[in-house]
Amino acid sequence: MKALTVIMTYFPESWFEKTLRFFAASELVEEVLIISKKTTDIKIPKCRVLTGAVLQSQKAISQIVNITKTRYLLFLTGTRQFAIEPGALEKLIEVAESRKVGITYSDFYEEGEGKKGGVLHPLGDYQLGSIRDDFDFGHILIFSTEAVRTALQKYGKIPAVGYAGLYDLRLKISIDYPLYHFSEPLYSVGAQGKPSGDNQLFAYVDPRNTDVQKEMETVFTNYLKKIGAYIPQESLRRAGHAKESFPVKASVVIPVKNRYGTIRDAVESALSQETDFSFNVIVVDNHSTDGTTGILSELSSKHPSLKHIIPMRKDLGIGGCWNEAINSKSCGRYAVQLDSDDLYIGPDVLRRIVDVLRNGKYAMVIGSYTIVNEKLEVIPPGLIDHREWTDENGHNNALRINGLGAPRAFDTNIIRKIGFPNVSYGEDYAAALRICREYRIGRIYESLYLCRRWQGNTDAALTIEETNRNNAFKDSIRSQEILARQEINKGANT
């Protein structure tokens with residue numbers, strides 16, 4: 001018996017047959033299983049068609065597991081022309097066997113317009129917190145058949161899902177088996193037009209993906225229960241009464257560095273809020289060098305409620321600037337976020353947020369926002385309302401996704417104790433995960449905020465390496481959070 005069973009989705013493209021013939025001719029491949037929704041006639045030796053399902057479905061994966069006799073399953077998950085390096089399959093099998101891993105994946109080359117030889121596409125290492133359903137494994141994954149069958153026997157069969165079957169299998173395998181990243185490019189894929197950055201960034205909140213996301217949430221929640229990291233809703237607390245006095249009821253917090261073109265609009269948006277309570281605006285100016293400081297000095301001279309803070313430290317990220325604001329003597333009972341290049345949608349936003357915070361006794365409230373361009377024109381995907389959050393399970397599902405929305409507002413007593421990591425990416429996500437581990441979070445699903453997308457955004461036009469670094473950081477936050485939640489549950493069970 002040869003080592004590999006290859007699994008790939010049928011595509012009516014010329015490259016597809018070439019790929020089939022390559023694997024069929026390999027001495028390492030026992031059989032090629034082709035997943036097709038419709039009946040398809042393939043007359044290539046060693047190739048078999050499985051009809052009526054998609055690759056990610058429970059139906060397809062169950063069929064594959066039941067008929068496979070080889071030691072490894074090689075999944076091709078991409079939709080593009082594919083070429084593998086000589087000796088690559090041998091390398092992947094060797095590392096899978098020597099390290100006793102459940103899943104092996106590798107870097108690859110990606111063809112691009114005007115690029116000869118392809119561009120390296122490095123992938124990230126898998127860790128405990130690499131639990132997003134869209135974690136980038138590239139286009140080839142080799143599963144140990146032993147790991148597959150052991151995981152299904154120990155943790156249950158794949159549920160009746162149409163989209164989340166492969167995700168369920170990956171999570172179950174990861175409980176007892178390592179996932180190994182082979183950091184060498186072993187194959188290449190053809191060029192493909194990519195979705196725009198924002199459409200890709202916010203795909204998981206697209207209403208068209210609701211059914212998919214519901215399945216992913218169900219699978220993920222069951223995984224948390226299996227590893228002891230699930231937090232029941234009834235264990236969450238509400239925020240208590242303030243034990244100290246505050247100068248105002250609320251503070252709008254704006255960290256800023258070099259936003260000469262947008263900071264005035266942001267500050268004036270905050271100052272224009274109409275409330276039945278006292279508030280101020282705290283701008284933490286992180287040593288701007290482009291004229292931002294001058295604009296803030298001018299505005300603060302006209303508006304006593306604008307507190308212009310320039311930190312002593314020069315090593316602060318956005319999270320560090322938030323710590324400066326919430327720990328300052330000027331900070332109010334509630335701290336409400338506004339980014340330096342964004343705007344509140346109207347003068348009643350601050351009042352609406354604070355009303356939800358105090359009436360619901362929430363530790364944190366998260367609103368919704370609308371994506372606009374520099375001219376404040378709505379651009380796709382438009383409204384970002386994170387309706388995947390539910391009161392019952394949002395605090396668990398938050399570990400699966402990469403963000404929770406904006407604007408964010410905090411009970412100052414609680415956020416002072418927790419604080420923000422001193423970074424400029426993921427600082428808000430880290431704080432939100434820590435809060436919802438213990439406290440209830442309120443939501444507002446109407447748009448409160450105009451998020452301006454322009455070339456100056458911190459997440460605009462990131463390189464693959466920068467994206468990997470950001471994702472690895474959020475994965476590390478999730479890893480720490482899973483461990484903390486497991487400890488909570490251990491304590492509750494002793």
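A few points about this structure:
- Search result, residues across region 28-45 that are modelled with pLDDT of 95 or more and part of a loop (DSSP other than H, G, I, E, B): 28
- Selection of region 330-368 for residues being more than 16 Å from residue 415 (Cβ to Cβ) and open to solvent by 50 Å² or more (accessible area, probe 1.4 Å) yields 339, 345, 347, 348, 351, 352, 359.
- Test: residue in region 433-444 that is open to solvent by 40 Å² or more (accessible area, probe 1.4 Å), of a type in the set (Asp, Glu) and farther than 23 Å from residue 214 by Cβ: yes
- Flag for residue 64 being in contact with a Leu (Cβ under 7 Å, 6 or more places away or on another chain) and either part of a loop (DSSP other than H, G, I, E, B) or more than 26 Å from residue 88 (Cα to Cα) (or both): no
- Count of region 86-133 residues which are among the acidic types (Asp, Glu) and farther than 19 Å from residue 180 by Cα: 3
- Answer residue from region 218-255, given it is small (Gly, Ala, Ser) and within 22 Å of the chain's Cα centre (by Cα) and is surrounded by the most Cβ atoms within 10 Å (Cβ to Cβ) among those: 229
- Looking only at residues in region 377-432 that are closer than 16 Å to residue 217 by Cβ and of a type in the set (Lys, Arg), the one that is surrounded by the fewest Cβ atoms within 10 Å (Cβ to Cβ) is 387.
- Inside region 381-430, residues that are assigned to a helix (DSSP H, G or I) and without any contact (Cβ under 8 Å) to a residue 24 or more places away in the chain make up a count of 2.
- Scanning region 50-61 for residues that are open to solvent by 20 Å² or more (accessible area, probe 1.4 Å) and either modelled with pLDDT under 95 or assigned to a loop (DSSP other than H, G, I, E, B) (or both) yields 51, 52, 54, 56.
- Any hit, region 85-93, residues being closer than 30 Å to residue 397 by Cα and either β-branched (Val, Ile, Thr) or buried (at least 20 other Cβ atoms within 10 Å of the Cβ) (or both): no
- Candidates 16, 23, 75, 82 - the one that is among the hydrophobic types (A, V, I, L, M, F, W, C), surrounded by 18 or more Cβ atoms within 10 Å (Cβ to Cβ) and more than 27 Å from residue 146 (Cβ to Cβ): 16
- Taking the listed residues 282, 309, 318, the one that is touching a Lys or Arg at 6+ places or on another chain (Cβ under 8 Å) and touching a residue at least 24 places away in the same chain (Cβ under 8 Å) is 282, with no other qualifying.
- Residues satisfying the stated conditions in region 310-323, i.e. more than 24 Å from the chain's Cα centre (by Cα) and either within 15 Å of residue 259 (Cβ to Cβ) or surrounded by fewer than 11 Cβ atoms within 10 Å (Cβ to Cβ) (or both): 310, 312, 314, 315
- For residue 104, the criteria (1) outside any strand (DSSP E or B); (2) farther than 23 Å from residue 212 by Cα; (3) not aliphatic (A, V, I, L, M) hold in every case but one, which is (1).
- Candidate set: region 170-208, residues that are of a type in the set (S, T, N, Q) and open to solvent by 50 Å² or more (accessible area, probe 1.4 Å); chosen: the one modelled with the highest pLDDT: 183
- For region 256-278, taking the residues that are buried (at least 22 other Cβ atoms within 10 Å of the Cβ) and hydrophobic (A, V, I, L, M, F, W, C), the one that is nearest to residue 342 (Cα to Cα) is identified as 266.
- If you filter region 341-380 down to residues that are within 16 Å of residue 440 (Cβ to Cβ) and in a loop (DSSP other than H, G, I, E, B), you find that the one that is farthest from the chain's Cα centre (by Cα) is 361.
- Checked against the criteria, residue 158 does not count as under 26 Å from residue 52 (Cβ atoms) and part of a strand (DSSP E or B).
The values are calculated or read from the model by the stated rules, or taken from the named source; none is laboratory data. These numbers come from a predicted model, not from an experiment. Because the Cβ atoms are built from the backbone with ideal geometry, glycine has one as well, and the counts that use them run over all protein chains shown. These accessible areas exclude ligands, DNA and RNA; they are computed on the full protein's heavy atoms, side chains included. Shrake-Rupley method; radii C 1.70, N 1.55, O 1.52, S 1.80 Å.
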